[in-house]
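Below is one structure, written out as structure tokens; comments come after it.
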Amino acid sequence: MQIQDIQEEIVDEFSMFEDWMQRYEYMIDLGKALPLIDEQYKTDDNIIKGCQSKVWVHAELEGDKLVFTADSDAIITKGIIAILIRAFSNQKPTDIIEANTDFIDEIGLKEHLSPTRANGLVSMIKQLKLYAVAYQTQLN
Amino acid sequence: MFDVNEIRKDFPILDRKVNGKPLVYLDNAATSQTPRQVIDVIVEYYQNYNANIHRGVHALSQEATDKYEQARIKIQKHFNAAKAHEIIFTSGTTHSINIVANGFSSLLKKGDEVLVSAMEHHSNIVPWQMLCERTGGLLKVIPMNQDGELLMDEYDKLLSDKTKLVFCNHISNALGTINPIEEIIEKAHGVGAAVLIDGAQAAPHIVADVQALDVDFYTISAHKVCGPTGAGMLYGKEELLTKLPPYQGGGEMIAEVTFEKTSYADLPHKFEAGTPNICGGIAFGAALDYMNSIGFDDIAKYEHELLEYATQKLLEIDKLKIYGTAKDKTSVISFNIEGVHPYDIGSILDKLGIAVRTGHHCAQPIMDFFNIPGTVRASFCFYNTKEEVDVLVEGVKRAKNMLL
């Protein structure tokens with residue numbers, strides 16, 4: 001599935017929720033279900049700076065696609081990174097680089113986009129895209 | 001007569017809603033809210049007598065200068081400083097500390113020792129580290145126990161004739177501990193060291209008498225005492241302030257300038273280069289007036305009741321642990337729930353209209369000491385109520401149910 005299609009699917013899922021509590025509960029569930037990063041990759045180098053909670057992301061090429069795994073010590077943050085990984089993992093680096101992230105707005109997580117927000121959603125997106133740029137260079 | 005419901009009417013912001021819920025503001029240790037009486041002073045300044053001070057011959061400038069200098073005297077009286085020019089207007093505690101740290105660059109020699117407490121805010125650690133890097137001085141730490149109380153025996157051992165400076169907060173922002181500053185100051189003076197007490201967290205709860213304390217430097221920020229941000233104070237003994245070189249060069253701080261040499265102005269202007277935060281300084285004075293009109297004795301008594309009530313109610317929650325259990329503490333409660341990240345609790349409380357702080361509270365060494373990533377911190381002010389404590393407790397329970 002293309003990034004755009006996955007994003008629409010996520011937006012559809014979130015549109016069923018009536019209030020913030022249901023959204024948060026869903027994010028918490030997503031966080032709990034997130035495929036965990038291999039312990040060996042939970043290094044300081046893989047920590048995304050700018051988050052109040054710790055977030056580790058690891059990227060690996062499988063064929064021409066980039067696969068992300070991640071973890072966080074805070075569960076809501078883990079839910080957020082789980083959503084991002086669902087949208088961006090197992091995609092071609094060029095598609096990741098070009099993807100827009102408006103769907104974050106549409107699923108009611110806009111507040112997490114503010115640069116003052118300590119969970120660093122902005123930093124997470126930036127980091128995923130940086131990985132994509134790095135691996136795209138490698139592929140070229 | 002202390003009546004919290006009457007007091008709340010002074011704070012327009014307390015009527016607003018957040019995420020559809022009535023605001024429960026429990027982040028007072030970060031910044032306090034501003035009463036109408038102070039807001040009116042700010043509005044009046046800009047509507048009636050906004051002008052640059054100390055230089056103008058016109059009426060507005062003189063009015064603004066008078067009000068600004070009256071504010072200095074209010075602050076002097078509040079802290080019982082011997083002289084008005086011992087009160088330096090700054091942009092806040094961080095600025096105040098940096099003036100002193102920078103000043104000591106030229107007075108400290110290699111091998112001299114500087115002591116800081118283990119529970120300092122980053123703003124009372126980093127400037128001294130920078131000072132030690134510049135001078136070859138040695139930074140040493142006064143340790144604390146698991147309750148968040150300083151180990152005074154260890155302090156005694158650290159003091160020597162090499163000790164030149166001691167820095168400590170009056171009250172810890174992360175733990176609420178009231179430090180025994182009288183003893184700290186007396187013992188430091190015993191070895192000839194100067195003492196700076198960071199009063200940022202103490203100012204809203206306790207009136208420090210700088211002469212009785214015999215403290216060398218005392219710093220506070222106006223926004224912690226119902227005043228505006230960007231204004232604060234450095235108190236320093238005249239003798240020491242005279243010795244310290246200026247921090248910034250510019251207008252206002254000079255006596256005479258030629259291209260060959262500049263002579264500096266007298267205190268306090270030597271440390272007040274450039275156009276200051278005039279309105280902020282005046283509003284700072286008004287904020288102290290407001291706090292004094294309520295009365296610090298009543299404030300302390302009421303906040304202590306809130307602290308005891310909140311502590312008891314929060315501890316009824318299973319798996320909740322409070323960090324900072326000193327015998328002497330103010331209305332700050334830092335806590336965690338076992339197995340839950342503080343950030344998650346804070347995010348859910350925010351959705352419920354409850355403002356708390358989460359994270360390391362700019363005191364990472366404290367978090368490292370307890371081996372935790374951070375805490376949730378609820379800090380209470382005299383305008384908070386027991387009903388708000390109940391809302392917090394219910395919110396924490398709800399967050400816990402969602403997260404565990």
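The values are calculated or read from the model by the stated rules, or taken from the named source; none is laboratory data. Remember, it's a predicted structure, so these values are computed and weren't measured experimentally. Note: ideal-geometry Cβ built from the backbone for every residue, glycine included; neighbour counts use all protein chains shown. For the accessible areas, the whole protein counts, side chains as well, though only heavy atoms, and no ligand, DNA or RNA atoms are used. Shrake-Rupley method; radii C 1.70, N 1.55, O 1.52, S 1.80 Å.
Which numbered condition in (1) charged (D, E, K, R); (2) assigned to a loop (DSSP other than H, G, I, E, B); (3) buried (at least 17 other Cβ atoms within 10 Å of the Cβ) is the only one that B:R55 fails?
With (1) charged (D, E, K, R); (2) assigned to a loop (DSSP other than H, G, I, E, B); (3) buried (at least 17 other Cβ atoms within 10 Å of the Cβ) applied to B:R55, the lone miss is (3).
Filter the stretch B:1-36 for residues that are open to solvent by less than 40 Å² (accessible area, probe 1.4 Å) and part of a helix (DSSP H, G or I) and give the result.
Of everything in the stretch B:1-36, those that are open to solvent by less than 40 Å² (accessible area, probe 1.4 Å) and part of a helix (DSSP H, G or I) turn out to be B:V4, B:I7, B:L14.
Tally the residues that are facing chain A (nearest Cβ under 7 Å) and either open to solvent by 10 Å² or more (accessible area, probe 1.4 Å) or of a type outside the set (V, I, T) (or both), restricting the search to the stretch B:334-353.
The qualifying residues number 5.
Give just the number: which of (1) within 14 Å of another protein chain (Cβ to nearest Cβ); (2) free of Cβ contacts under 8 Å to residues at least 12 places away in the same chain does B:R16 not satisfy?
B:R16 satisfies all of (1) within 14 Å of another protein chain (Cβ to nearest Cβ); (2) free of Cβ contacts under 8 Å to residues at least 12 places away in the same chain except (1).
When only residues in the stretch B:37-49 that are surrounded by 14 or more Cβ atoms within 10 Å (Cβ to Cβ) and touching a residue at least 12 places away in the same chain (Cβ under 8 Å) count, which is nearest to the chain's Cα centre (by Cα)?
B:V38
Hey, which of the helices (runs of 4 or more DSSP H) in the stretch B:107-194, taking only ones fully inside, have at least 1 residues that are free of Cβ contacts under 8 Å to residues at least 24 places away in the same chain and open to solvent by 10 Å² or more (accessible area, probe 1.4 Å)?
Output list reads B:126-135, B:152-158.
Take the conditions within 14 Å of the chain's Cα centre (by Cα), surrounded by fewer than 19 Cβ atoms within 10 Å (Cβ to Cβ), more than 14 Å from chain B (Cβ to nearest Cβ) and part of a helix (DSSP H, G or I) and apply them to A:I6. Does it pass?
Answer is no for this residue.
Yes or no: B:A363 in the same structural domain as B:I254 (by TED's automatic domain parsing), under 25 Å from B:A202 (Cα atoms) and crowded, with 24+ Cβ neighbours inside 10 Å?
Considered against the rule, which asks whether it is in the same structural domain as B:I254 (by TED's automatic domain parsing), under 25 Å from B:A202 (Cα atoms) and crowded, with 24+ Cβ neighbours inside 10 Å, B:A363 comes out as no.
Only one of B:K261, B:K270 is free of Cβ contacts under 8 Å to residues at least 40 places away in the same chain, in contact with a strand residue (DSSP E or B) (Cβ under 6 Å, 6 or more places away or on another chain) and either open to solvent by less than 70 Å² (accessible area, probe 1.4 Å) or of a type in the set (D, E, K, R) (or both); which?
Step by step, each of B:K261, B:K270 is checked, and only B:K270 is free of Cβ contacts under 8 Å to residues at least 40 places away in the same chain, in contact with a strand residue (DSSP E or B) (Cβ under 6 Å, 6 or more places away or on another chain) and either open to solvent by less than 70 Å² (accessible area, probe 1.4 Å) or of a type in the set (D, E, K, R) (or both).
Listed here are the residues, each with its yes/no results for (1) in a loop (DSSP other than H, G, I, E, B); (2) farther than 27 Å from B:L175 by Cβ; (3) in contact with a strand residue (DSSP E or B) (Cβ under 8 Å, 6 or more places away or on another chain).
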{"position": "B:P204", "(1), (2), (3)": "yes, no, no"}
{"position": "B:A208", "(1), (2), (3)": "yes, no, yes"}
{"position": "B:Q211", "(1), (2), (3)": "no, yes, no"}
{"position": "B:T219", "(1), (2), (3)": "no, no, yes"}
{"position": "B:K224", "(1), (2), (3)": "no, no, no"}
{"position": "B:P228", "(1), (2), (3)": "yes, no, no"}
{"position": "B:T242", "(1), (2), (3)": "no, yes, no"}
{"position": "B:P245", "(1), (2), (3)": "yes, yes, no"}
{"position": "B:G250", "(1), (2), (3)": "yes, yes, no"}
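Among (1) in a helix (DSSP H, G or I); (2) in contact (Cβ under 8 Å) with a residue 60 or more places away in the chain; (3) under 12 Å from B:V24 (Cβ atoms), where does B:F369 come up short?
Status for B:F369: all satisfied but (3).
So which of B:T358, B:T311 is polar (S, T, N, Q), in a helix (DSSP H, G or I) and free of Cβ contacts under 8 Å to residues at least 60 places away in the same chain?
B:T311
Provide a single number: the residues in the stretch B:370-393 that are surrounded by fewer than 17 Cβ atoms within 10 Å (Cβ to Cβ) and either in contact with a strand residue (DSSP E or B) (Cβ under 8 Å, 6 or more places away or on another chain) or within 14 Å of chain A (Cβ to nearest Cβ) (or both).
2
Scanning the stretch A:75-112 for residues that are part of a loop (DSSP other than H, G, I, E, B) and open to solvent by 10 Å² or more (accessible area, probe 1.4 Å), which turns out nearest to A:E18 (Cα to Cα)?
Ranking the candidates gives A:G108 first.
Looking at B:A81, B:A64 in this structure, which one is assigned to a helix (DSSP H, G or I), on the phi < 0 side of the Ramachandran plot and assigned by TED's automatic domain parsing to the domain that holds B:F271?
The match here is B:A64.
Restrict the check to the stretch B:294-307 and report whether at least one residue is open to solvent by less than 30 Å² (accessible area, probe 1.4 Å) and over 20 Å from the mean Cα position of the chain (by Cα).
Within the stretch B:294-307, one or more residues are open to solvent by less than 30 Å² (accessible area, probe 1.4 Å) and over 20 Å from the mean Cα position of the chain (by Cα).
Looking for something out of contact with any Gly (no Cβ under 9 Å at 6 or more places or on another chain), small (G, A, S) and more than 17 Å from A:M1 (Cα to Cα) - is there at least one such residue anywhere in the stretch A:50-67?
yes
For residues in the stretch B:195-220 being open to solvent by 10 Å² or more (accessible area, probe 1.4 Å) and polar (S, T, N, Q), which is farthest from B:G92 (Cα to Cα)?
Filtering first and then ranking leaves B:Q211.
Report the residue count in the stretch A:9-55 for those that are farther than 25 Å from A:D102 by Cβ, open to solvent by 70 Å² or more (accessible area, probe 1.4 Å), charged (D, E, K, R) and not in a helix (DSSP H, G or I).
2
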